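Structure first, commentary second.
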Amino acid sequence: MEGYERASRVYTAEAASGLQWMGPFPNLHDAQMWVNKIIRTSWWKKHCPRVVKVLCEYRPDKVWHRAPSISEAGVGRVRFAAGGLCQGVALHELAHFIAWSERQDHGSEFVRAEHALYKQVMGEGIAGILKVSFVEWGVWPSD
Ligand SMILES: [Zn+2]
């Protein structure tokens, strides 16, 4: 499966799970506080030592594409599209930091990272719903 098709299937699986737009934030500040709590956990420090801080930003000029980035100092940037300021999007973007690749791919490592992050932050039940959808859309690793 090529990169674009793969990404598209991951997005579709997230949407089909009903979790993609879960937990809307009223503003960027609340999103930042929620993300900070995750970044401060020992779980995050263990699974993503390359990112020590995350800045949440708006990208009102872009409707969908919101590729995250990491500076040399370990500062990650999450860019929320207008209307996409929610926990589901934040978790997707944070999973990119855990399974970091310059190409922002959505391969096996990414899918496992997102599932592990969901399990840690939202609990086993919600993470299980996401996994079922990944399996249904053919993006959950078979090994
Ligand atoms: Zn992505």
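Within the stretch 8-20, does at least one residue satisfy the condition of being of a type in the set (Asp, Glu) and more than 15 Å from the ligand (Cβ to nearest atom)? No: zero hits.
Within the stretch 8-20, residues that are over 14 Å from TRP140 (Cα atoms) and outside any helix (DSSP H, G or I) sit with their Cβ atoms under 7 Å from residues that are modelled with pLDDT of 95 or more and more than 11 Å from the ligand (Cβ to nearest atom), at 6+ positions apart or across chains, in these pairs: LEU19/GLY88; LEU19/ILE126; LEU19/ILE129; LEU19/LEU130; GLN20/GLY88. May I ask you to list the residues in the stretch 64-92 that are within 16 Å of ALA7 (Cα to Cα) and surrounded by fewer than 18 Cβ atoms within 10 Å (Cβ to Cβ)? Residues satisfying the conditions are TRP64, HIS65, ALA67. Do we find that ALA95 is touching a Leu at 6+ places or on another chain (Cβ under 6 Å), modelled with pLDDT of 95 or more, surrounded by 15 or more Cβ atoms within 10 Å (Cβ to Cβ) and of a type in the set (A, V, I, L, M, F, W, C) in this structure? Yes: the conditions hold for ALA95. Looking across GLY74, GLY23, one residue alone is touching a strand residue (DSSP E or B) at 6+ places or on another chain (Cβ under 9 Å), more than 16 Å from the ligand (Cβ to nearest atom) and in contact (Cβ under 8 Å) with a residue 40 or more places away in the chain. It is GLY23.
The set of residues in the stretch 98-125 being at pLDDT 90 or above, surrounded by fewer than 21 Cβ atoms within 10 Å (Cβ to Cβ) and among the acidic types (Asp, Glu) consists of GLU109, GLU124.
The values are calculated or read from the model by the stated rules, or taken from the named source; none is laboratory data. All values derive from a computational prediction rather than experimental measurement. FYI the Cβ positions are ideal-geometry reconstructions off the backbone, even for glycines, and counts take in every protein chain you see.
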